[in-house]
Every structure is written in structure tokens, then in C-alpha cells.
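Down below is the structure, laid out as C-alpha cells.
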Amino acid sequence: MNFTREQFLTIARSSNYNCSNPSSDLNYPSFIALFSDKSANFREFKRTVTNVGNGASTYTANLLQPNGTRISVSPKKVGLSREVREAELYSTYKDREQRNGDQVYGSLVWVDREGKHTVRSPIIVMNMLEE
């Protein structure tokens with residue numbers, strides 16, 4: 001896309017990534033698992049979530065798995081407070097079907113104990129088109 005390094009850093013918010021070494025895992029809310037015939041059939045993601053509220057909250061993971069995948073999320077509950085502002089989340093995606101370029105969609109939704117607040121991360125699983 002012809003971004004300068006400064007423009008890329010503005011978008012990625014991290015100097016750990018660059019255009020010379022592309023990554024599909026930029027700690028964005030979404031998960032995009034790309035598979036090819038030559039790659040392993042699993043992908044692992046790590047996300048850091050931050051409590052932006054004033055009080056304590058406990059969130060539980062609700063997973064809508066894309067068809068033909070098996071996804072695990074750890075931990076399944078996250079407790080955040082004024083003292084504990086961040087938590088690390090891990091998810092593993094296993095693709096069990098050949099898709100021939102088709103995509104399947106799902107979501108990971110974190111719901112607080114009272115059910116008032118939700119945080120949704122879309123999930124896209126697809127095979128890369130081989131030339």
C-alpha cells in the first residue's frame with residue numbers, strides 16, 4: 001500500500017512489525033487465520049486486553065466457531081480492575097476442512113458478569129489462494 005514507516009507505526013501501534021516481515025497477527029480485535037496447502041493446519045494468536053473502565057469487571061468468553069474449525073480460548077474468564085488493567089488471552093485455531101478459497105466466519109464475544117457490556121472480536125478463517 002506504499003505506507004511510510006511512520007504511517008505504518010501509526011496504524012500498527014508497534015515497532016515489532018514491518019512490511020518486510022508481514023504478519024497476520026497485529027493484536028487487533030479481529031482474528032484472521034490464513035491456511036495454505038503447505039502450512040500447518042493450526043494458528044495461534046495472543047491478544048492483550050486493557051480495562052478502560054473505572055471498576056472491576058469479570059468477562060466470560062462466548063465462542064461462535066466458524067464451520068469446520070476447532071478453536072480453544074484461554075483463559076475462559078478474565079478479571080480486570082483498577083489494579084489489574086491488562087490481561088493476555090490466547091487462542092488456537094485448527095482448520096479441519098479444505099476451503100478452496102472460501103471463507104468461514106465466527107466471533108469471540110466477551111460478556112461481563114452483569115451482561116451489560118460485550119466486546120466482540122470477529123473471526124475469519126480462509127485458505128490462501130495458491131498460484
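Bear in mind that the values in this text are calculations on the coordinates, not laboratory data. Predicted model, so just to flag it, every value in this text is computed and none were measured. Glycine also receives a Cβ, built like all others from the backbone with ideal geometry; neighbour counts cover every protein chain displayed.
Per-structure values
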read-out	value
Label point distance in nm, Val52-Arg70, each placed 7 Å from Cα along Cα→Cβ	3.6 nm
Footprinting exposure proxy for Asp112, Asp102 (fewest neighbouring C-beta atoms within 10 Å first)	Asp102, Asp112
Per-residue Cβ neighbour rank within 10 angstrom, fewest leading, Ile71, Ile32, Ile123	Ile32, Ile71, Ile123
Set of lysines with alpha-carbon distance to Lys76 below 22 Å, sequence-local pairs under 8 removed	Lys46, Lys94, Lys116
Förster radius 22 Å - calculated FRET efficiency between Tyr90 and Asn41, Cβ distance, rounded to 0.05	0.80
Ranked list, fewest to most other Cβ atoms within 10 Å of each Cβ, for Val125, Val119	Val119, Val125
